[in-house]
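Engineer: Quick one: structure below, then a few questions.
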Amino acid sequence: MKKELNLKNAFFSFIKNYFVGFCIILLVVITMIYQPRFLSASNLLNIIRQLGPLSIVSLGMSFVIFAGYLDLSVAGTISLVAVVTVSLIEPLGQMGAILAGIVIGTAAGALIGAVVLVVGANRKSEALFISYGMGMAYSALALMYSGGVTQKLGENQKIFEVIGKGGWGILSVSLVIFIVCLIILQILQSMTYIGRSVMLAGGNPVASRLSGIPVNAVVVLVYTLSGLLASIGSVVLVSRVTTASPVIGKTYETNAITAVLIGGTSLKGGNGSVMRTVLGVVLISLMSNCMNLLGISSYMQSVVRGLVLILAIWLDSKRNS
Amino acid sequence: MADEITDNILNICNVNKSFPGVRALNNVSIRIRRGDIHGIVGENGAGKSTLMKILSGVYEKDSGTIEFDGETVENTTPVKSLRSGLSIIYQEFNLVNTMSVGENIFLGRFRKMKGMRGTHGEARKLLDSINCSVDTHAPVESLSVSEKQMVEIAKALSFQAKLIIMDEPSSSLTTEEIRHLSVIIKDLHEKGITIIYISHKLDEIFEYCDRVTIMRDGCVVDTKPIKELGRDEMIAKMVGRTIENEYPERPHCVGESLLEISNLNSRKLKNISFTLKRGEILGMVGLVGSGRTEIVRAIFGADKVKGLILQIDGKTVSIKKPADAKKAGIALVPEDRKQQGLILPFSVKSNISMAALKGLAKRIFLNRGSEVCMAKRQMESLAIKTPGINARVENLSGGNQQKCVLGRWLETDSRILILDEPTRGIDVGAKYEIYLLMKKIVENGGSIIMISSELQEVLSMSNRILTISDGRITGEFDPEDTSAEEIMKSALA
């Protein structure tokens, strides 16, 4: 009986830690068997292309989850930033519009952080719904501002073209943007005082506060970061699809959260890493790609995605018991 | 010979239990006589909780036999155990805070009790039988710790418990409540119920128990009738060596006034004013709820209060949050180390470094090497027993966890250390180590405010004692010139 207990714990720990990698390998192998087309250059390029906006948004969501919160507003932020940016190209020029969009999105995130603080930073369920409500407000703002009209990026929008389609072979510009964000955030999380404060605040906000960690600042910071990265993701997204629909952000929040959790980060906060989120995004993109190649309907794909998410959460709970 | 004739309600034979990396129980054998009050003592990590959890069905033993009331116990669950007449009252209680007293007592058995009327009716009878006047409709969260304990006892009685295990029953009780509890224990004893009493409070063991089992490092050292055991012998067996005294010599380093508190007012506190001198250990005594924790939290900036004027070295300091207090050189080791002091799933290293992070950061980057040095330094200097600095702090014993919190603050430049119940739930050996640490701190120029419910501790370690009652300071005493009774009287004023 003693041996069983050891083995069970070790087993779950191992699976939990390498769950994502394991799934990725499994998925790739299955798809390779049934659809050799998977390995074609154009397909692989496509997969990497797909990584763009969602991965950037997920990076921001990671920090919110590290701190023990959730940001349900990114859909609204993404939509708002999209319509605002495109509408400002004429008066402000491309760079100006992009910068304005990012500033607005970041401010939107900061505002959520501020409201969460006012209501009470220790009320995490309330924070969830605050982000949800404000996200709805931002979505509504996007619709009102754009009049419900999907704006097209005109001709000769060079910068957007570069972001959306430019690059050198496999190294698309959007991928590079993602990698830069990834490196900065990974360094932030693992090597800086700020990153450590986020993890500590997520691990135990009471004990952290009593040790002098600025937990209130952490709350505002993570929502601001989420807003910032959602904005960057939005710009990349608009560049890719060359249109700005006022509902372009739909489903991004749930996918981003799914990516973070599938990667192995726990909902309770205080653990996980940026790299895990990257793996989570890779798995989600792969799932989408592979299941498409295997001819699985999109409804079925949603079911599978949901099941994988539940599996990840279950493994997390097992590890903590 | 005598053992064979005696009626043993519980026979634990050669029980073993291991967890990854640690042997929690090593060939444990104990015979509990029916009708006895059987004490179990031992340092933290001795295996007491593990044994109790095996008895009550939470854990499964690896090997050995357990016989309860004549029946072999195998593959048991908490529910089976309860139904067989074995109840356990945990230190943290096992109650649903949002439900009523009556519902908690008969949780899951409402149908058998024929609905709420039957439930509350029976609950009322049970509570009356132990002289408890709590309303059965009151939500448990509104009850005091002592009242919750009564509910737990009533719950055990509702299962017709033949054996009740009490795990540290008096650690959160006031003196008055402890007196009430002792009456109930004697009453249960007279009813013929066997009690297993686990406690660090040796006075209580000597007062209540017929027999006592001493455990150490997962083994049973001895089981003896209490009459045949002396206090020193018990401590020696618990710790594995003789302890000359329970307390070190009182430090005498008191200097000039360092911290002056005046005009501290809040919802609970009324015009608190006092001073703390350099090199002083100031003891604060008060009943649970008297405001003592509120006072120190206000000083530390953990709670918002009105009017507080705080002066250090004559200069007024504004403290609005704990970070300000830290900057001013004040440290707080909270009462509840698990919820408020530590981040349990994090490493010893992270828990120790968390208050001194800014110092570790060159610009914004943390210096990992320095962090490791910091953790190792405290691990050695405080003799923290841990597999390593990267071990999860939740796997450490209570005393070692407390040392981690202390170590954290020793790494900051704190001159004023506030300790809220520093030795609660800590074994004799580790307590002594913490007293020595306190002595070293004041000998090196620091000052300590110590809140404690153990009068002996306060009398032995403090240079001055303040009593708090109902949000007011009711007395100031010189420990060398007063008695436990005087202090208690003042705290009850």
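Engineer: Out of the residues in the range A:34-45 that are open to solvent by 80 Å² or more (accessible area, probe 1.4 Å) and either in contact with a helix residue (DSSP H, G or I) (Cβ under 9 Å, 6 or more places away or on another chain) or at pLDDT 80 or above (or both), which is nearest to residue A:305 (Cα to Cα)?
Structural biologist: So the residue we want is A:34.
Engineer: Follow-up. Pull out all pairs, ordered by first then second residue, where Cβ-Cβ is under 6 Å, the residues are six or more apart or on different chains, the first lies in the range B:234-251 and is assigned to a loop (DSSP other than H, G, I, E, B) and open to solvent by less than 50 Å² (accessible area, probe 1.4 Å), and the second is β-branched (Val, Ile, Thr) and at pLDDT 70 or above.
Structural biologist: B:243/B:235; B:251/B:442
Engineer: Okay, moving on. Just to check your reading of the model, which residue among A:54, A:45, A:92 is more than 23 Å from residue A:152 (Cα to Cα), among the hydrophobic types (A, V, I, L, M, F, W, C) and part of a helix (DSSP H, G or I)?
Structural biologist: Values: A:54 fails: more than 23 Å from residue A:152 (Cα to Cα); A:92 fails: more than 23 Å from residue A:152 (Cα to Cα).
Only one candidate qualifies: A:45.
Engineer: Give the residue that is nearest to residue B:331 (Cα to Cα), with candidates limited to residues of the range B:392-417 that are of a type in the set (Gly, Ala, Ser) and open to solvent by less than 20 Å² (accessible area, probe 1.4 Å). First the steps, then the outcome.
Structural biologist: In the first step, residues of the range B:392-417 are kept if they are of a type in the set (Gly, Ala, Ser); the result is B:397-399, B:407, B:414.
Filter again for open to solvent by less than 20 Å² (accessible area, probe 1.4 Å), leaving B:398-399, B:407.
Working: B:398: 20, B:399: 19, B:407: 11 Å.
The selected residue is B:407.
Engineer: Failed condition for residue A:276, given (1) open to solvent by less than 20 Å² (accessible area, probe 1.4 Å); (2) under 16 Å from residue A:19 (Cβ atoms), with all others met?
Structural biologist: (1)
Engineer: Taking the range A:195-205 as the search range and keeping residues that are within 7 Å of chain B (Cβ to nearest Cβ) and either at positive phi or touching a residue at least 60 places away in the same chain (Cβ under 8 Å) (or both), which one is least open to solvent (accessible area, probe 1.4 Å)?
Structural biologist: Filtering the range A:195-205 for residues that are within 7 Å of chain B (Cβ to nearest Cβ) and either at positive phi or touching a residue at least 60 places away in the same chain (Cβ under 8 Å) (or both), the one least open to solvent (accessible area, probe 1.4 Å) comes out as A:200.
Engineer: Could you please give the count of residues in the range B:340-351 that are out of contact with any Leu (no Cβ under 9 Å at 6 or more places or on another chain) and either modelled with pLDDT under 90 or more than 10 Å from every other protein chain (Cβ to nearest Cβ) (or both)?
Structural biologist: Residues flagged as out of contact with any Leu (no Cβ under 9 Å at 6 or more places or on another chain) and either modelled with pLDDT under 90 or more than 10 Å from every other protein chain (Cβ to nearest Cβ) (or both) within the range B:340-351 amount to 2.
Engineer: All but one of (1) open to solvent by less than 40 Å² (accessible area, probe 1.4 Å); (2) over 17 Å from the mean Cα position of the chain (by Cα); (3) within 30 Å of residue B:343 (Cα to Cα) hold for residue A:142; which doesn't?
Structural biologist: (3)
Engineer: Within the range A:79-99, is there a residue that is within 13 Å of residue A:253 (Cα to Cα) and either in contact (Cβ under 8 Å) with a residue 40 or more places away in the chain or open to solvent by 40 Å² or more (accessible area, probe 1.4 Å) (or both)? Even if it seems obvious, please write down each step before you answer.
Structural biologist: Within the range A:79-99, the subset within 13 Å of residue A:253 (Cα to Cα) is A:79.
Add one more test, that the residue is either in contact (Cβ under 8 Å) with a residue 40 or more places away in the chain or open to solvent by 40 Å² or more (accessible area, probe 1.4 Å) (or both), and what stays is A:79.
Yes, the conditions are met somewhere in the range A:79-99.
Engineer: With the structure loaded, tell me whether residue B:45 is under 19 Å from residue B:222 (Cα atoms), open to solvent by 20 Å² or more (accessible area, probe 1.4 Å) and at pLDDT 90 or above or whether it fails that test. I'd like the intermediate steps shown before the answer.
Structural biologist: Working: under 19 Å from residue B:222 (Cα atoms): yes; open to solvent by 20 Å² or more (accessible area, probe 1.4 Å): yes; at pLDDT 90 or above: no.
No.
Engineer: On the given criteria, is residue A:221 within 14 Å of chain B (Cβ to nearest Cβ) and either surrounded by fewer than 19 Cβ atoms within 10 Å (Cβ to Cβ) or modelled with pLDDT of 90 or more (or both)? Can you show your working first?
Structural biologist: Working: within 14 Å of chain B (Cβ to nearest Cβ): yes; either surrounded by fewer than 19 Cβ atoms within 10 Å (Cβ to Cβ) or modelled with pLDDT of 90 or more (or both): yes.
Criteria met by residue A:221.
Engineer: Continuing with the same structure: Could you grab me the full set of residues in the range A:100-135 that are free of Cβ contacts under 8 Å to residues at least 12 places away in the same chain and open to solvent by less than 20 Å² (accessible area, probe 1.4 Å)?
Structural biologist: Across the range A:100-135, the qualifying residue is only A:120.
Engineer: Taking only the range B:293-323 into account, find how many residues are within 12 Å of another protein chain (Cβ to nearest Cβ) and under 28 Å from the mean Cα position of the chain (by Cα). Even if it seems obvious, please write down each step before you answer.
Structural biologist: The initial filter retains those residues of the range B:293-323 that are within 12 Å of another protein chain (Cβ to nearest Cβ), namely B:296-297, B:300-303, B:319-323.
Of the ones still in play, those that are also under 28 Å from the mean Cα position of the chain (by Cα) are B:296-297, B:300-303, B:321-323.
Count: 9.
Engineer: Within the range B:352-371, which residues are more than 20 Å from residue B:420 (Cα to Cα) and within 7 Å of chain A (Cβ to nearest Cβ)?
Structural biologist: As a first pass, look at the range B:352-371 and keep what is more than 20 Å from residue B:420 (Cα to Cα): B:353, B:356-371.
Listed by number, the residues that qualify are B:357, B:358, B:361, B:364, B:365, B:366.
Engineer: While we're on this one: Would you be able to say whether some residue in the range A:121-133 is at pLDDT below 90, closer than 30 Å to residue B:299 by Cα and within 14 Å of another protein chain (Cβ to nearest Cβ)?
Structural biologist: Yes; the residues of the range A:121-133 include at least one that is at pLDDT below 90, closer than 30 Å to residue B:299 by Cα and within 14 Å of another protein chain (Cβ to nearest Cβ).
Engineer: I'm trying to understand the selection: among the residues of the range B:372-394, which are modelled with pLDDT under 90 and within 13 Å of another protein chain (Cβ to nearest Cβ)?
Structural biologist: Hit for the range B:372-394 is B:394, nothing else.
Engineer: Identify the residue in the range A:288-300 that is closer than 30 Å to residue A:185 by Cα and open to solvent by 10 Å² or more (accessible area, probe 1.4 Å) and, among all such residues, is farthest from the chain's Cα centre (by Cα).
Structural biologist: Step one: of the range A:288-300, the residues closer than 30 Å to residue A:185 by Cα are A:288-290.
Then keep just the ones that are open to solvent by 10 Å² or more (accessible area, probe 1.4 Å); that gives A:288-289.
Numbers: A:288: 16, A:289: 18 Å.
That would be A:289.
Engineer: While we're on this one: Can you tell me which of A:310, A:248, A:213 is β-branched (Val, Ile, Thr), more than 14 Å from chain B (Cβ to nearest Cβ) and buried (at least 21 other Cβ atoms within 10 Å of the Cβ)? Break it down into steps so the answer makes sense when it comes.
Structural biologist: Values: A:310 fails: buried (at least 21 other Cβ atoms within 10 Å of the Cβ); A:213 fails: more than 14 Å from chain B (Cβ to nearest Cβ).
On inspection, the qualifying residue turns out to be A:248.
Engineer: Would you mind stating whether residue A:155 is more than 18 Å from residue A:246 (Cα to Cα), in a helix (DSSP H, G or I) and of a type in the set (D, E, K, R)?
Structural biologist: Values: more than 18 Å from residue A:246 (Cα to Cα): yes; in a helix (DSSP H, G or I): no; of a type in the set (D, E, K, R): yes.
Here the answer is no, as residue A:155 does not meet what is asked.
Engineer: If you take the residues of the range B:325-335 that are at the interface with chain A (Cβ under 9 Å from one of its Cβ atoms) and among the charged types (D, E, K, R), which of them is surrounded by the fewest Cβ atoms within 10 Å (Cβ to Cβ)?
Structural biologist: Selected residue: B:327.
Engineer: Ok, one more. Filter the strands (runs of 3 or more DSSP E) completely within the range B:191-230 down to those with at least 1 residues that are surrounded by fewer than 18 Cβ atoms within 10 Å (Cβ to Cβ).
Structural biologist: B:219-225
Engineer: Within the range B:265-286, take every residue that is closer than 22 Å to residue B:313 by Cα and among the hydrophobic types (A, V, I, L, M, F, W, C) and give me the one that is most open to solvent (accessible area, probe 1.4 Å).
Structural biologist: If we take residues in the range B:265-286 being closer than 22 Å to residue B:313 by Cα and among the hydrophobic types (A, V, I, L, M, F, W, C), then B:274 is most open to solvent (accessible area, probe 1.4 Å).
Engineer: Let me ask something additional. Residue check: is residue B:122 acidic (Asp, Glu), without any contact (Cβ under 8 Å) to a residue 40 or more places away in the chain and at negative phi?
Structural biologist: On the way: acidic (Asp, Glu): yes; without any contact (Cβ under 8 Å) to a residue 40 or more places away in the chain: yes; at negative phi: yes.
Considered against the rule, which asks whether it is acidic (Asp, Glu), without any contact (Cβ under 8 Å) to a residue 40 or more places away in the chain and at negative phi, residue B:122 comes out as yes.
Engineer: Is it the case that residue B:161 is closer than 18 Å to residue B:184 by Cα, touching a residue at least 40 places away in the same chain (Cβ under 8 Å) and either of a type in the set (Val, Ile, Thr) or part of a helix (DSSP H, G or I) (or both)? Explain how you work it out, then say what you get.
Structural biologist: Values: closer than 18 Å to residue B:184 by Cα: yes; touching a residue at least 40 places away in the same chain (Cβ under 8 Å): yes; either of a type in the set (Val, Ile, Thr) or part of a helix (DSSP H, G or I) (or both): no.
Here the answer is no, as residue B:161 does not meet what is asked.
The values are calculated or read from the model by the stated rules, or taken from the named source; none is laboratory data. Predicted model, so just to flag it, every value in this text is computed and none were measured. Counting neighbours? That spans all protein chains shown, and the Cβs are built from the backbone with ideal geometry, glycine included. Ligands, DNA and RNA are excluded from the accessible area calculation, which covers all protein heavy atoms including side chains. Shrake-Rupley method; radii C 1.70, N 1.55, O 1.52, S 1.80 Å.
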